[in-house]
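Visitor: Encoded as structure tokens, here's the structure I'll be asking about.
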Amino acid sequence: MEYRPYGRTGVKVSKICLGCMNFGGKTNPNDSYAIIDRAIDDGINFLDTANVYTKGRSEEVTGEALKRNGKRQRIFLATKVYNVMDETDPMSGGNTRRHIIEQCDASLRRLQTDYIDLYQLHRPQSSVPIDETLQALDDLVRAGKVRYIGTTTFAAWQLMEAVMTSRDLHLNRFVSEQPPYNILDRRIERELVPFSRTYGIGLMPWSPLAGGMLTGKYDRNATPPEGTRVGDMYLKNPAISRRWNDNALDVVDALMAYVEARGGCTLSQFAIAWCMSMPGVTSPIIGPRTMQQYEDNMKALDVTLTPADFAKVDELVRPGHMVSPFYEADFGPHLHHI
């Protein structure tokens, strides 16, 4: 396993991160424990979850796995805050000081740990001043409950505002960003990647397989079944469903043909290897539901891409662009929030 510096922190993390979203939900606890144990044995030292995943159950299962195997001190453990945790309570979501501090304590209990290595804002919230959010996070760092702070799906300008606010107020600043990034969606290459490389922000992309579209397992003439990532997430979310379209499926078909002719890996392994090899990327997040999916994803570590491979991807999806029904007409110069 190769270990990479995590932004400007000096911490070394595995070049692939284990996403724990399915654990305790679609993946039962015992299978979840087995995948986590296997990942640690394979050299992964970076685990990512969130309080909202199955309303805390993912954190509980992840924490229990680390308690059982006794490997907590060897793991860079990340979780998130922002989403609504109680539909009956209007204060149970967002990036307010109240919610952040309350949910940090709740996450610590569920994870059975006394500190979180990386505490991330799950989404930006323009209605809450960034200085309030940063001061709350800074207090958690100073209290020893959190080691580092990061973001998820922030635009470059929002991170720039946060970095400058931290500098002006002498607060701990964000060390990482977790953006959507894959062969079908390369928008972050426009601004976020250059910004992150300039300011020492670690990038841990989510959805390197585009929600499963880059596995090549879906038939364009059939509705993706329930229980799959595309079926459950993409087609039920109007803001995301537009990505299931002929343009995207044409790219997937062309990639599948290229990878099959190339040999040596599956389409999913090729896609993860591509994401892992791109400039500025620290650790793509894989989110296996089964041990079989985990084993397939991990074989991406053995894939060495050639200049011809990168050129083929660039031919199909131009750098900085996204495949969409209108190709590039439905997004602006910065990362849209989804």
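Visitor: Against the conditions (1) closer than 30 Å to Tyr199 by Cβ; (2) without any contact (Cβ under 8 Å) to a residue 40 or more places away in the chain; (3) in a loop (DSSP other than H, G, I, E, B); (4) within 19 Å of the chain's Cα centre (by Cα), where does Leu47 fall short? Just the number, please.
Guide: Status for Leu47: all satisfied but (3).
Visitor: Please specify each residue of region 163-188 satisfying the condition of being charged (D, E, K, R), touching a residue at least 12 places away in the same chain (Cβ under 8 Å) and part of a helix (DSSP H, G or I).
Guide: If the condition is that a residue be charged (D, E, K, R), touching a residue at least 12 places away in the same chain (Cβ under 8 Å) and part of a helix (DSSP H, G or I), then Arg187 is the only one that fits.
Visitor: Can you name every residue in region 80-118 that is exposed (fewer than 13 other Cβ atoms within 10 Å of the Cβ) and within 16 Å of Ala136 (Cβ to Cβ)?
Guide: Residues satisfying the conditions are Met91, Arg98, Asp105.
Visitor: Let me ask another. Identify the single condition in (1) touching a strand residue (DSSP E or B) at 6+ places or on another chain (Cβ under 8 Å); (2) in contact (Cβ under 8 Å) with a residue 60 or more places away in the chain; (3) in a loop (DSSP other than H, G, I, E, B); (4) not small (Gly, Ala, Ser) that Asn95 does not satisfy, given that it satisfies every other one.
Guide: Asn95 satisfies all of (1) touching a strand residue (DSSP E or B) at 6+ places or on another chain (Cβ under 8 Å); (2) in contact (Cβ under 8 Å) with a residue 60 or more places away in the chain; (3) in a loop (DSSP other than H, G, I, E, B); (4) not small (Gly, Ala, Ser) except (2).
Visitor: With the checklist (1) crowded, with 16+ Cβ neighbours inside 10 Å; (2) within 30 Å of Asp31 (Cα to Cα) in hand, flag the one item Asp302 doesn't pass.
Guide: (1) is the only condition that Asp302 fails.
Visitor: Report whether or not Met204 is of a type in the set (A, V, I, L, M, F, W, C), surrounded by 23 or more Cβ atoms within 10 Å (Cβ to Cβ) and at pLDDT 95 or above.
Guide: In short, yes.
Visitor: Let me ask another. Tell me whether region 107-115 contains one or more residues that are farther than 21 Å from Thr62 by Cβ and without any contact (Cβ under 8 Å) to a residue 60 or more places away in the chain.
Guide: no
Visitor: So, one more: For region 66-84, how many residues meet the condition of being within 23 Å of Ser176 (Cβ to Cβ) and either touching a residue at least 60 places away in the same chain (Cβ under 8 Å) or of a type outside the set (S, T, N, Q) (or both)?
Guide: Qualifying residue count for the region: 11.
Visitor: Can you tell me which residues in region 39-55 are surrounded by fewer than 20 Cβ atoms within 10 Å (Cβ to Cβ) and of a type in the set (D, E, K, R)?
Guide: Matches in region 39-55: Asp41, Asp42, Lys55.
Visitor: Which one of Leu77, Leu66 is outside any helix (DSSP H, G or I) and crowded, with 22+ Cβ neighbours inside 10 Å?
Guide: The unique qualifying residue is Leu77.
Visitor: Just to verify a result, which residue in region 274-290, among those that are of a type in the set (Gly, Ala, Ser) and under 15 Å from the mean Cα position of the chain (by Cα), is farthest from Ala210 (Cα to Cα)?
Guide: Once the filter is applied, the top-ranked residue is Gly280.
The values are calculated or read from the model by the stated rules, or taken from the named source; none is laboratory data. Treat the numbers as computed from the prediction; the structure is a model and nothing was measured. Every residue, glycine among them, receives a Cβ derived from its backbone with ideal geometry; neighbour counts consider all protein chains shown.
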